[in-house]
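Rule-based calculations on the coordinates, nothing more; no lab input. Note that the coordinates shown come from a computational prediction; the quantities given were computed from them, not determined experimentally. Quick reminder, even Gly has a Cβ in these numbers, built from the backbone with ideal geometry, and neighbours come from all protein chains shown.
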């Protein structure tokens with residue numbers, strides 16, 4: 001298995017803002033980076049539509065288009081961008097070994113993990129069909145498009161509470177659906193939500209279906225105690241039930257928190273294994289923005305460059 005593996009100075013796993021930015025910097029530093037795009041080339045931005053808060057795009061940009069720009073820039077700098085998914089790793093000795101598509105092994109002198117995170121969904125057919133047409137997993141990204149319109153949000157944690165409050169500043173009414181008879185959010189966040197006059201909280205409530213043909217027009221909810229259903233006309237439906245970092249294949253090698261986010265040394269992209277770095281949403285559960293992911297991708301490439309030159313690997 002370990003014979004005749006391809007040898008790479010800098011292997012980047014993942015292709016969102018973090019991975020592509022790391023590739024741009026690593027290529028300019030002549031590390032000849034190889035980047036594997038993973039299961040969703042371009043990452044979470046490929047399922048958002050308009051991005052208005054990324055600096056430099058004065059008129060905004062479509063998420064997928066922006067990722068095409070990032071990729072082209074990385075290619076122009078000399079990065080080797082490839083289709084393929086990292087399926088297994090062996091970080092027991094250097095060079096580190098990463099398996100691609102369950103068949104090919106790469107020997108890497110340094111590894112940048114930029115595998116991102118995936119939003120958790122409720123699992124409704126209508127939710128996927130209308131994703132980007134009124135259904136969103138990020139109120140801070142997309143709330144602005146629903147200014148002056150009625151919206152609904154599902155979730156009971158701090159993120160859901162924060163997003164409901166954010167939406168309440170833009171929308172006349174925010175309908176908030178909570179599965180149980182209590183919220184998981186911290187006391188202070190609960191108090192803010194419950195004291196907001198235009199956030200209407202529905203306890204013991206499940207989402208039955210998101211309604212709408214071309215875009216969201218309403219949502220049908222069900223009280224899980226009484227089984228009573230109700231339709232509420234809305235234009236936006238936000239899912240805030242959490243994110244899952246895509247870190248599964250690194251378990252047992254890389255230190256993570258309870259939720260699976262990779263731990264990095266504060267102020268750096270270093271992990272517990274020297275020569276392995278992490279950037280973007282796989283290690284950031286707080287900010288989760290394109291611009292912060294890009295910044296941490298830059299850090300990872302600079303950290304990798306310093307590591308390789310200290311090791312005398314060129």
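Please sort 238-251, 73-86 by packing, taking for each peptide the average over its residues of neighbouring beta carbons within 10 angstrom, highest first.
Working: 238-251: 19.4, 73-86: 16.9.
Ranking, from highest mean packing down: 238-251, 73-86.
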Which percent, nearest 5, of DSSP beta bridges in the stretch 121-239 are antiparallel? 40 percent
Just to be sure I understand: of the beta bridges DSSP finds with both ends in the chain, what percent are antiparallel, rounded to 5? 45 percent
Sort 16-29, 115-128 by the packing proxy (mean of other Cβ within 10 Å over each peptide's residues), most packed first. 16-29, 115-128
Measure out, as a whole number of angstrom, how far apart the alpha-carbon centroids of the stretch 143-197 and the stretch 26-40 sit. 39 Å
Stretched out fully, how many nm does the piece from residue 120 to residue 101 gain, at 0.36 nm a residue minus the Cα gap? 4.4 nm
What fraction, in whole percent, of alpha-carbon pairs in the chain exceed 32 Å separation? 34 percent
Specify the inter-centroid distance of the stretch 61-94 and the stretch 251-314, based on alpha-carbon positions, in whole Å. 15 Å
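If packing is taken as the average number of other Cβ atoms within 10 Å across a peptide's residues, how do 157-164, 220-227 rank, most packed first?
Details: 157-164: 22.1, 220-227: 13.2.
Per-residue Cβ counts within 10 Å, averaged per peptide and sorted highest first, yield 157-164, 220-227.
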